[in-house]
Every structure is written in C-alpha cells, then in structure tokens.
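Structure record follows, encoded as structure tokens.
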Amino acid sequence: MSSPASAQERAAVQQLDPRFDWARVARVFLLSRALDQLEESKLFPERKILYQFSARGHELGQILLGCLLTNSHDGVGAYYRSRPLLLTLGLSAEDALASGMARAGGITDGRDIGVVFNLPRKDKATVLPMAGGVGTQYTPTAGWARAIRYYRDTLGDAGYRDSMAVVMGGDGSVATNGFWSALNTATTQRLPMLFFIEDNGYSISVPAAAQMPGGNVAANLRSFGNLRVLEADGCDPADTARAVYEAVTLVRSGQGPALLRLTVPRLSGHSGQDTQAYKPAELVAAERARDPLIGLQRYLVPVFFSKSEWEQMQEAANEEVQAALEGAQARPHPDSSQALRYIFAECHGEEGPFTPEPARINMLDAIRRTLQHELKMNPKLLIFGEDVGPKGGVHAATLGLQKEFGPDRVFDTSLSEEGIIGNAVGMALAGLRPVAEIQFRKYAEPATEQLNDCGTMRWRTANKFSAPIVVRMPGGFSKCGDPWHSVSNEVRFAHAPGWQVIMPSNAEDAAGLLRTALRSPNPSIFFEHRVLLDAAWARRPYPGDNFMLPLGVAKIAQEGERLTVVTWAAMLERCLQASKRTQSPIEVIDLRTIVPWDRETVLNSVRKTGRCLIVHEDTLTAGFGAEIAATVARECFFDLDAPVERVAVPDVPLPYSVHLLHAVLPGVDAIAVRIEELLAV
Ligand SMILES: Cc1ncc(C[n+]2csc(CCOP(=O)(O)OP(=O)(O)O)c2C)c(N)n1
C-alpha cells in the first residue's frame, strides 16, 4: 500500500470499508484471476486440464466471505465455482493446478475433477467435500449447522460459540430438492446457516427465470419464515462488503439463517467447452463492463494502491501462478496401485466382552435396546428421522428414546429423505455419530444422491473425509406386501461403493451387527426386515450391551454335506424349513451382511457339497444372488456337481393381495422343490 500523500487521499482511504483487509482481497482476487486466465488460455486448450469452470466474475463476494470465515468450527458447503473462496481459506495455487491436472497429492490425489475440492481444517473453516451434483451441497451443510448447535447448546462446548455454516450455490441450484430441503431445515430449526447465492443469471444456458418465477430467489423468499434476506451487487466492492459483513454477522449473532443473493456476471462460458453462443452479444458486452475486477481496481486505485503498485501485484500474481504451474507439472501422476484404496477405512472398531441374558426378545426390542445403550455410551450419537421422536417411529424402534434422552438427541425431521441423509452426512463430518431412520426402504429413493455421495466420500477425498452414518431402514414383506412398503432391493446398496450392507435374520445378530455399525468408521445400511421385527422365529436372548458381531462373517445356520443354501434375512427361516423337508443333509448359510460378504465360508461350503442354491427376496435379475453365483461358478468350477441355482422373487414388485404375494415370494415348497432338483442332478 502506498502512503497517501495528501489529506484528501487519506480521507479516501478511510472511506474504504474498514472491516476488510483490502490488500489481501486484491491479492487473492488477482491470484484467482491469473489461475483462470492460465487455465482458459493455455491449460484447457492444450488438454492439460480436462475440466475448467471459470470463477471470473464471481470472485469478489467469495473472497470477502472467505475473509470472515475465521472460526475453526465454521463449515462451508461449496461448489465448482468456489475456488476464489478456497484460495482465501488457504488453498495453494500449486494444489489448485495440480488438482486440475490430475497430479499426485493436491486435493484428491487425482481421484476427482480439479474443481471438486475439499479442505479439511483444524484451525480454520472446513470446506466440506464437494460433489458433482448441483444442489448436493445444501443438506450436508445444514447438518453441519445443526452439529454446531448441538456442540454449543447440548454438549456445552464454548468453542462453537459464534460458529456458522455457509452454503454456496448458483441461481440454478436454488431449483434443486437439496436447496428447499436445507432451507426448510435451517429455518424451522433456526440454524446458524448462510445461503450464499451467486446469481449469474444462467444455469449453463438456461436463464434464471426458468428456475423460479421472476428468476430472483431473494424476491421470492422475502416472506419465508425465520429467514433474513439480503441482496447486493456482487461487482460493487462497497455494496458487496456491506452485505457480506451484515449476513455473516447476522448468522453469527444467533438470529437464525440468512440468505444473501449477489448478482454477478459469468464472464466465461459455463465450463471450458461452452462458447456462450446462447447469450445475446449485448449481454456479453455488458457483463464484461461489469467485471468486478474493474470495480475493485476503481475502488482501490489510486486511493489505496498506486497504479504501478496495482500492476506490480498483477505481475506478482502471474509469477506465483507460473511457479505453481512448474511445481504442479513436476509432480508425478498418482500411483495407480493406490486406486482401489479408501473405499473403506483401513482400521477396525473394537469389540468388548458380552453377557447374554436368558429371556428371548424380539428383533425390534433388540434394536431399541442397542440404540438405547449406544445413546447412553456416546453423547455424540443422535437418532432422527420421520416420526422417530414422541411417537417412537412407525415401527416403534425408537419408542421411549426421546423421553429418555431428550429432543436434542432423538428427534423428528421434516419429510425429506434427501434432507435426512444429507443432514446426517454434515453432522458426521462435524464429528457426530448420526443414526438416520428411513421410514421404509423404498423411501430411501429421494435420498439416492446423498447416499451415493456419502458412500464414495472417503475414496473421493483420498481418505481425508468420511461420514460414518448408520441408516436404518425397515423393508421387505410383512403381513401383506405392496410396491411401497415391502421393497428390499438391497443389491442397490451393494452396488454403491462405500456402504456396509447389513441384513440380520434374528434379534441377537441384529444387536451385534447394529452395535458394530454404530461404532464403525464406515457408513452402514442396516436393513430391518419388517416380518422379522416381531417374528417368534427371530427372537433370541439379548446378547448384552457389549456384544458386537464382525461384518462379513456368515453364520452356518445348519451344517450339511449334500448341498449349500446361501441366504439372508427373512428367507433364512424358509430355507431351514425347506431343507428339513428333504431327507438330505443340507448346509444353510446366513450371510448376515452382503457388503462385505463372506466369500470364504460360502466357497468352502460349496467345495464340500458341490451344489449351491441361493435364495433371496430381492428380485431375480441382477439381484445379489447373481454376484454370488458368478463367484461360485468361477472359484468352485471343478467342484460343482450341478449348476449354481437361484430362487428369488421374479422381476415384479411385491403385490398387496396375500394370494398374489405368496405366488411370487420364494416359499418353503418352491425352495424345497429346487433343492430336490439340484440333488437329483
Ligand atoms: C444434479 C445435477 N444435474 C445437472 C448437472 C449438470 N450441471 C452442472 S452445472 C449446471 C448448471 C448450474 O447452474 P447454477 O447453479 O446457476 O451455477 P453456475 O454454474 O451458474 O455458477 C448443470 C445443469 C449436475 N452437475 N448435477
């Protein structure tokens, strides 16, 4: 900064918003611009980077925001155009370029595209792992905001005082489910959360007015309850500084959430490939004239910097970027031998001694008691979902838990599965242990994106982040079937990398497997089969408060030599009954978990018996049985005396009519017939 010579100049300096370090703002702005410039003019055309999402036009507000995110428990849900904010928070230019160039180290070690970032932090704001899906950032950030409140108010951790969550998004993102879900959560719960909307008027080529009436999210939300709404011109330094400061101060002061809409130009195409041919030429020209860099220069030069100082800063930014490029280019490619690592954590939870009780309880009580004990043991464990609070869940698995542990620990959510899972992810990232209930397996579908992104998080971030949540979901047939409440489709989770998939068949296993999941470093789907919740067959003595079962260890439910039946969950009882109908010794294996699945026990058994039948409730085509069959066919090829067979529901939903239901569900008769057929080969 030059020392202003005249009184007039000194006065002018004082007119700059004194709450910001403008030298820092200018430095980061010029660095960000130089990075985009290099990428757009050289690295992308030369195919040295394969994705480019320019932040040109968006920088000012992001950098001012970054200057205020000083609290170590602040959390930011960002998106692909947020690099200026990350640079403000400490992302180095070399890491930025190396990420785009898919070099070793850097942000994701070549696993994710260069702009899908994260920043794990101890001393400054954490940038939550981004995802490629527009709108996916909203609900996890609301979860982070909820975690702040839990640490601060329930656990009494003063370190969380004044902390906040910020979610960033474009005008297109406000049309997504995630935006509305997070807005509902943040406003009904009055969470410390800022919605930071950078409105550049376009979502790729679609104008903002196609996303919502009038195209102005702030105008539409002015009457939304519990929400402060602010707007500013994101190219005007004074106006942007005022609005960003006010928004951050409001949220930090505990007055609940706020939404700030900044209007900004998108000075480049949506991404490297996009020519913006759909934009009228006058608009492109007007956007160029609005460039916030011009605005910032006017604001700071000559009152704060002289013209030559400004030029020197520009030159310094270019030099920094050149050095960063050399550093990035010197880095090796990521080690391909590491590509399969970090789907799961490379450590295991501890197990304790256990003390079984004599009385048999049903699976529902076993689940409730396990949850109750873990709630007692772990103050960071929270249970939530639709109706799990005062009602105790529609299946009664959480009955009485809110009364015992209070509404901060066991609570109802709004009706948004995307919100339930997304919030859980954000809470887990903040160090809590969320247990989310999805009321019925089928209703996990609105949360598909959050579930998939949660599963891949550890891998995507090269082991920097993970969100070990437990998702309990009842499903499968009960007294009747129907296409909504009786879905099993567990294979869908087996196909989504990063999920442990647990399918207990009885009360004892349910307690042991659930406890393992609740202490596991990985996310788990815990499937509660509806017919087993109160089935007499599935009752067992409660195995004690320390009982844990390892995942991926099947149980040989019945030993035999002539044929191996592999099954899980509600089909186990039917398989055992069917095996009794035959006069031959049949080995029946209860897999207990399908990810990981116990290949060794299955393969050893088939090597012994030479015959294999797989029975499951999920539909036949591409069911998990197909995976087992392929493995057995390959690994036991020379031991097999008969083809590997499957009995499963044909490819239809489960019907409501009990008559129809039993026509499609694998029954004892059908299983017994297939066993006999295989024995006769
Ligand atoms: C769920 C989802 N649908 C579509 C896309 C493809 N896509 C990527 S960016 C984008 C436009 C988003 O626009 P906006 O939210 O306004 O942000 P901007 O790019 O303008 O900053 C689209 C449609 C995606 N990544 N995710």
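The values are calculated or read from the model by the stated rules, or taken from the named source; none is laboratory data. Please read all numbers here as calculations on a predicted model, not as lab measurements. For neighbour counting, all protein chains shown are included, and Cβ atoms are generated from backbone atoms with ideal geometry for every residue, glycine included. Surface accessibility is based on the protein's heavy atoms, side chains included, excluding ligands, DNA and RNA. Shrake-Rupley method; radii C 1.70, N 1.55, O 1.52, S 1.80 Å.
Residue-wise test of (1) without any contact (Cβ under 8 Å) to a residue 12 or more places away in the chain; (2) within 16 Å of the ligand (Cβ to nearest atom).
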position	(1), (2)
235	no, yes
256	no, no
274	no, yes
281	yes, no
287	no, yes
Review point. What residue, among those in the range 183-221 that are in a helix (DSSP H, G or I) and within 14 Å of the ligand (Cβ to nearest atom), is farthest from residue 261 (Cα to Cα)?
Key: 210
Practice item. Would you be able to say whether some residue in the range 153-173 is basic (Lys, Arg), open to solvent by 40 Å² or more (accessible area, probe 1.4 Å) and assigned to a loop (DSSP other than H, G, I, E, B)? Key: yes
Check your understanding: Do you know which of the residues in the range 38-73 that are among the hydrophobic types (A, V, I, L, M, F, W, C) and in a loop (DSSP other than H, G, I, E, B) is most open to solvent (accessible area, probe 1.4 Å)?
Key -> 50
**Study point:** In the range 559-596, the residues that are in contact (Cβ under 8 Å) with a residue 60 or more places away in the chain, closer than 25 Å to residue 548 by Cβ and not in a helix (DSSP H, G or I)
**Key:** 566, 568, 569, 570, 590, 591, 592, 593, 594, 595, 596
Review point. Is it the case that residue 92 is among the small types (Gly, Ala, Ser) and open to solvent by less than 30 Å² (accessible area, probe 1.4 Å)?
Key: no
Review point. Does residue 133 satisfy being in contact (Cβ under 8 Å) with a residue 24 or more places away in the chain, part of a strand (DSSP E or B) and within 16 Å of the ligand (Cβ to nearest atom)?
Key: no
Review point. Which condition number does residue 79 fail, the rest of (1) hydroxyl-bearing (Ser, Thr, Tyr); (2) away from the ligand (no atom under 16 Å from the Cβ); (3) within 23 Å of the chain's Cα centre (by Cα); (4) closer than 21 Å to residue 258 by Cβ being met?
Key: (2)
Exercise for review: Could you tell me whether the range 339-353 includes any residue that is more than 29 Å from residue 457 (Cβ to Cβ) and touching a residue at least 12 places away in the same chain (Cβ under 8 Å)?
Suggested key: yes
Exercise for review: Answer yes or no as to whether residue 87 is more than 22 Å from residue 450 (Cβ to Cβ), surrounded by 22 or more Cβ atoms within 10 Å (Cβ to Cβ), more than 16 Å from the ligand (Cβ to nearest atom) and hydrophobic (A, V, I, L, M, F, W, C).
Suggested key: yes
**Study point:** Where residue 357 falls short, out of the listed (1) surrounded by fewer than 19 Cβ atoms within 10 Å (Cβ to Cβ); (2) in a helix (DSSP H, G or I)
**Key:** (2)
Practice item. Return the only residue of 511, 536 being open to solvent by 10 Å² or more (accessible area, probe 1.4 Å) and of a type outside the set (Lys, Arg). Key: 536
Exercise for review: List the number of the failed condition for residue 250; all other conditions in (1) open to solvent by 10 Å² or more (accessible area, probe 1.4 Å); (2) within 16 Å of the ligand (Cβ to nearest atom) hold.
Suggested key: (2)
**Study point:** Checking residue 605 against (1) surrounded by 23 or more Cβ atoms within 10 Å (Cβ to Cβ); (2) of a type outside the set (A, V, I, L, M, F, W, C); (3) assigned to a helix (DSSP H, G or I); (4) touching a helix residue (DSSP H, G or I) at 6+ places or on another chain (Cβ under 8 Å), the condition it does not meet
**Key:** (4)
Check your understanding: Taking helices (runs of 4 or more DSSP H) that fall entirely within the range 384-470, which contain at least 2 residues that are within 30 Å of residue 362 (Cα to Cα) and more than 16 Å from the ligand (Cβ to nearest atom)?
Key -> 401-405, 417-429
**Study point:** Boolean, residue 315 is open to solvent by 10 Å² or more (accessible area, probe 1.4 Å) and free of Cβ contacts under 8 Å to residues at least 60 places away in the same chain
**Key:** yes
Check your understanding: Would you pick out the residues in the range 400-425 that are crowded, with 16+ Cβ neighbours inside 10 Å, in contact (Cβ under 8 Å) with a residue 24 or more places away in the chain and more than 25 Å from residue 455 (Cα to Cα)?
Key -> 401, 405
Practice item. Evaluate the following for residue 549: is it farther than 16 Å from residue 588 by Cβ and at pLDDT 95 or above? Key: yes
Point to revise | Flag if residue 269 is open to solvent by less than 20 Å² (accessible area, probe 1.4 Å) and not in a helix (DSSP H, G or I) | key: yes
Check your understanding: With respect to the numbered conditions (1) touching a strand residue (DSSP E or B) at 6+ places or on another chain (Cβ under 9 Å); (2) on the phi < 0 side of the Ramachandran plot; (3) not in a helix (DSSP H, G or I), which one is the sole condition not fulfilled by residue 626?
Key -> (3)
Practice item. Kindly provide the set of residues from the range 107-128 that are open to solvent by less than 20 Å² (accessible area, probe 1.4 Å) and either assigned to a loop (DSSP other than H, G, I, E, B) or within 16 Å of the ligand (Cβ to nearest atom) (or both), ordered by number. Key: 107, 108, 114, 115, 116, 117, 118, 125, 128
Revision key, fill the gap. Within the range 649-675, residues being within 18 Å of residue 475 (Cβ to Cβ) and open to solvent by less than 20 Å² (accessible area, probe 1.4 Å) number 5
